[in-house]
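Have a look at the structure below before the remarks.
The values are calculated or read from the model by the stated rules, or taken from the named source; none is laboratory data. Since this is a predicted model, take the numbers as computed values, not measurements. All Cβ positions, even for glycine, are placed from backbone atoms using ideal geometry, and neighbour counts span all protein chains on display. Note: areas computed on protein heavy atoms with side chains; ligands, DNA, RNA excluded. Shrake-Rupley method; radii C 1.70, N 1.55, O 1.52, S 1.80 Å.
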Amino acid sequence: MACFTEISMSHEVMAMVKMVPRGQTACAAAYLTPKITEYLAGFTRGFDEGLMTNVRLDFMKSDGGLTPVNDFGGHQAILSGPAGGVVGYAKTSYRPSPGNEGANPMPVIGFDMGGTSTDVSRYDGTLELVFETTTAGVSIQAPQLDIHTVAAGGGSRLFLQNG
């Protein structure tokens, strides 16, 4: 008889109202967390033993924050890569209006095209968060940066058919 290797309780994963999205978030966490944990175990095996005890290893979450490697869950990883891009361009590209104190700084638009999707975001001096998103038809209740994903990247192909 098979046993579950990961059990996610919705009140621990994301203690927010709305039962259905919270349940979907717990299911996503239960499905993704073991895969991420397995990957991270392999990743950390590549380091010297002393390094893992003496150095802090954090991973980017979908909300643009960092979390310790042993506290990184599947529901936090949905947009962690694009969130890293937002934090990166926010730190390197955004410039408040220098020498012109009364002028409004110009927002920066992020455009991240990968192989299968394109992520678009905006930064105007603050990281904008959303607390519920739908990705691939699954509602996720977790703080995430406001990133819009289009399922059309560099490796995508579009076809036009009559009829």
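Table for the structure above
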| item | result |
| --- | --- |
| Subset of the stretch 99-134 [of a type in the set (Val, Ile, Thr), farther than 15 Å from Lys61 by Cβ and open to solvent by less than 70 Å² (accessible area, probe 1.4 Å)] | Val108, Thr118, Val120 |
| Filter result (touching a residue at least 12 places away in the same chain (Cβ under 8 Å) and aliphatic (A, V, I, L, M)) within the stretch 38-57 | Leu40, Leu57 |
| Of residues in the stretch 114-134 being of a type in the set (S, T, N, Q) and under 21 Å from Val87 (Cα atoms), the one farthest from the chain's Cα centre (by Cα) | Thr126 |
